[in-house]
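First up is the structure itself, then whatever we jot down about it.
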Amino acid sequence: MGKRQISDMQPSELVVTMVISDIASLPMQNTSQPLLSGVVPVLVLVALEITVSAVMLKSQVFRRLVCGRPVVVISDGELQQKEMRRLRLTTEDLCAQLRAQGVFRLEDAQYCIVETNGTVSVLEKPEKRTPEVAQLGIKGEKDSLETVAVSDGKLLEDALKLCGKKKADVDNILKSNNTEIGEVFILTLDAQGKYSLIKKEKEE
């Protein structure tokens, strides 16, 4: 189903996942049943899921039919009771979702949207939001991505590509610290050359 579905499954995707697990377990439980009877339905379901995902990318109407649409339950600070009844969302559930987003008072929320996957997005009222660097008139420093370059004595070349560094950069860091790569427990590195090195603990 791809990396997207691992963290944010739509209801239809969750159902397909559960059905696949049930079908796959049948030949395992009953050894007299041929393995093909479990493999074929699983492949059909996987093919259907890929097809449905492809159609949803192309058709907004079909995507809305399968996944539904986001629902605004708090609009400009006002609770939308009709929408909450339609979603069968209790005030206790709503407050719990708000607390999970760091909003502990209902009146602090300006907008609250229940997404198609069931998660809640919250926008606080202007006076309750944490001021941003631009609003304070401060020039912020440009951040860069930090990646794990060495893990347990092993060089991670794919991670180095993410921060635009090469093996030679890691070698220079190790040389400046008089350390062999096998002695490193973890080495993090960013595009600006900032790094953090932790050596392995010596076994007693």
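Read the figures in this text as sums done on the coordinates, not as results from a lab. A quick note: this is a predicted structure, and the numbers were derived from the prediction, not measured. Neighbour counts are summed over all protein chains in view; Cβ atoms, including those assigned to glycine, are modelled from backbone coordinates with ideal geometry.
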Neighbourhood charge, 15 Å Cβ-Cβ cut-off, centred on Q110 and excluding it, Lys, Arg +1 and Asp, Glu -1: -2
message: Working only with C-alpha atoms, what are the Rg and Dmax values of the range 3-67, expressed in angstrom?
response: 14.1, 45
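Rounded to the nearest 20 debye, what is the charge dipole size of the chain about its Cα centre when +1 sits on each Lys and Arg Cβ and -1 on each Asp and Glu Cβ? Walk me through the numbers on the way to the answer.
Values: 27 positive and 29 negative charges, 131 e Å.
Computed charge dipole of the chain: roughly 620 debye.
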statement: Which of [x] 54, 22, 17; [y] 41, 35, 17; [z] 42, 21, 18 gives semi-axes √(5λ) of the Cα gyration tensor in Å as computed here? It is [y]
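What is the local net charge at V19, summed over the other residues whose Cβ is closer than 13 Å to its Cβ (Lys, Arg +1; Asp, Glu -1)?
Working: positive: none; negative: E13, D22, E49.
It works out to a net charge of -3.
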statement: Computed for the range 146-199: size of charge dipole around the Cα centre, +1 on C-beta of each Lys and Arg, -1 on C-beta of each Asp and Glu, debye to nearest 20, value 120
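List the trypsin sites (Lys or Arg not before Pro) in the range 138-189 that DSSP assigns to loop (not H, G, I, E or B) and whose Cβ has at most 13 other Cβ atoms within 10 Å. Which are they? Write out the running numbers ahead of the final one.
Working: sites: K139, K142, K154, K161, K165, K166, K167, K175; in loops: K139, K142, K165, K166.
Here the sparse-neighbourhood loop sites are K139, K142, K166.
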